[in-house]
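Nothing in this text is a laboratory measurement; each read-out follows from the coordinates by a stated rule. The structure presented is a predicted model; accordingly, all values stated were derived computationally and were not measured. Here Cβ is always computed from backbone atoms with ideal geometry, including for glycine, and neighbour counts include all displayed protein chains.
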Amino acid sequence: MKKKTLRLIMQSFIVVTIVTMYGCKKTDNNTPVVNNTAVSLAMDATKGQYLVDKNNQTLYFFSDDYKGKNTCSGVCKTYWPYFYAGVLTQADLGTGLNLADFDTIVVNGTNQTRYKGWPLYYYAPAGTTLEPTGQINGESIANWYIAKPDYTIMLANGQLVGGDGKDYLSTYAVGTGNTVYFTDAKGLTLYFYAPDSFNINKYTKADFSNNDYWPIYDTTKVVVPSSLDKSLFSSIKVYGKNQLTYKGWPLYYFGGDSKVRGNTKGITVPAPGTVWPIAVKGVNEAPHK
């Protein structure tokens, strides 16, 4: 009798367990996944890690915000709503994110969160509702890119201004008009050195005594916006340090830009575009000499 009773109890337990598991699974399939953090990292098989909000909505950068200021208003704001995470603490951030990389700006009375100096946005493709959770359809739409935590190259879309205070076009003629050019993750401008050869730095001295003037971009990591071909980037050794290259052109900063994002003063050293052109996608491959 005791064995029969025990067997009935066990059978009832198994049935309840199966029903409970089935119910949980069904609920999970119909309930949006919500993070416990205000900002965290999601993963895409081809694009890698990128920032999402607590509802796993994708966040974006805008290349026109190269100076760290929001340049999206009016109709633009309808399709690219501003993201605000509130007052953050480290506990509000997912693994791999650092509180020091976040701050807040005020845009016409509206708060907006920035990451590494880039204002953060959502994408609303119809101008009414946000794109579905987990999608990244805003990527590469007219200078918009998913907000990644580890870009080594970003794209700025802005007016070139030389050290002489004049506005320049991408041809280095005086004029008003935006140029799309390379920056690092925090928007600091990158340059080529015209005398360099393919994967050969001809500027930097062995003791790095001139590195403060034109610092090498010291990294081996290649994380770029999807509109750029990652395979065209590489790195070389320069007296024991690494330097990132593009199409064989070593990449440099300009000390005279004073580590201020959006500064492009190096283009006029010593004359517009002659020796230190700004780093751009369409440059020809560095000469093999």
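Can you tell me, using C-alpha contacts under 8 Å and at least 6 residues apart, the relative contact order of the chain as a whole percent? Intermediate results must be reported in sequence, preceding the final value.
Values: 568 pairs, mean separation 45.5, N = 289.
This gives 16 percent for the chain.
Calculate the translational D of the range 39-146 in whole µm² s⁻¹ from Stokes-Einstein, where the hydrodynamic radius comes from the Kirkwood formula applied to all Cα pairs, the temperature is 25 °C and the viscosity 0.890 mPa s.
Numbers: Rh = 14.0 Å.
Estimated via Stokes-Einstein, D reaches 175 µm²/s.
Kindly provide the helix-only [θ] at 222 nm of the chain, computed as the sum of -39,500 (n - 2.57) over DSSP H runs of four or more divided by all residues, to the nearest 500 deg cm²/dmol? Don't skip to the end; give the middle numbers.
Numbers: 2 runs with 34 residues, N = 289.
When only DSSP H runs of four or more count, the value is -4000 deg cm²/dmol.
Using the charge dipole of the chain (Lys, Arg: +1 at Cβ; Asp, Glu: -1 at Cβ; taken about the Cα centre), state which of N143, A279, S197 has its Cα farthest towards the positive end.
Going by the Cα projections, it comes out as N143.
Viscosity 0.890 mPa s, temperature 25 °C: give me the Stokes-Einstein translational D for the chain in µm²/s, with Rh taken as the Kirkwood radius over C-alpha pairs. Present the calculation step by step, with values, prior to reporting the outcome.
On the way: Rh = 21.6 Å.
My calculation gives 114 µm²/s for D.
How large is the charge dipole for the range 77-207, taken about the Cα centre, if only the Cβ atoms of Lys, Arg (+1) and Asp, Glu (-1) carry charge, to the nearest 20 debye? Mind dumping the intermediate values first?
On the way: 8 positive and 11 negative charges, 28 e Å.
My answer is approximately 140 debye.
Quick one: of K47/K289; K186/K241; K47/K186; K77/K259; K69/K247, which pairs are farther than 27 Å apart, Cα to Cα? Before the final figure, lay out the partial values.
Numbers: K47/K289 35 Å; K186/K241 21 Å; K47/K186 19 Å; K77/K259 29 Å; K69/K247 31 Å.
Those over the limit are K47/K289; K77/K259; K69/K247.
What is the sum of charges around V174, taking Lys and Arg as +1, Asp and Glu as -1, for the other residues whose C-beta is under 14 Å from the C-beta of V174?
Details: positive: K166; negative: D164, D167.
Overall, the nearby charge balance is -1.
Please report the net charge: other residues with Cβ closer than 12 Å to the Cβ of D184, K and R +1, D and E -1.
Values: positive: K116, K186, K221, K259, R261; negative: D150, D218, D257.
Here the count lands on +2.
What chymotrypsin sites (Phe, Trp or Tyr not before Pro) does the range 71-129 have in DSSP loop regions with at most 13 other beta carbons within 10 Å? Numbers along the way, then the final one.
Details: sites: Y79, Y82, F83, Y84, F102, Y115, Y121, Y122, Y123; in loops: F83, Y84, Y122, Y123.
Of the chymotrypsin sites (Phe, Trp or Tyr not before Pro), not one in the loops of the range 71-129 has a Cβ with at most 13 other Cβ atoms within 10 Å.
I need the semi-axes of the equivalent ellipsoid of the range 152-289: take the C-alpha gyration tensor, multiply each eigenvalue by 5, square-root it, list largest first in whole angstrom. Don't skip to the answer; put the middle values down first.
Working: eigenvalues 94, 59, 40 Å².
For the range 152-289, the ellipsoid semi-axes come out as 22, 17, 14 Å.
In debye, nearest 20: dipole of the chain around its Cα centre with unit charges on the Cβ of K, R (+) and D, E (-)? Each step should come with its number before you reach the end.
Details: 28 positive and 21 negative charges, 248 e Å.
The calculation lands at about 1200 debye.
Charges on Cβ only, +1 for Lys and Arg, -1 for Asp and Glu, centred on the Cα centroid of the chain; of L232, T171, G74, which one is farthest towards the dipole's positive end?
Value: L232.
Looking only at the range 232-266, which residues have a backbone nitrogen under 11 Å from a spot 7 Å from the Cα of A206 in the C-beta direction?
Residues 239 fall inside that zone.
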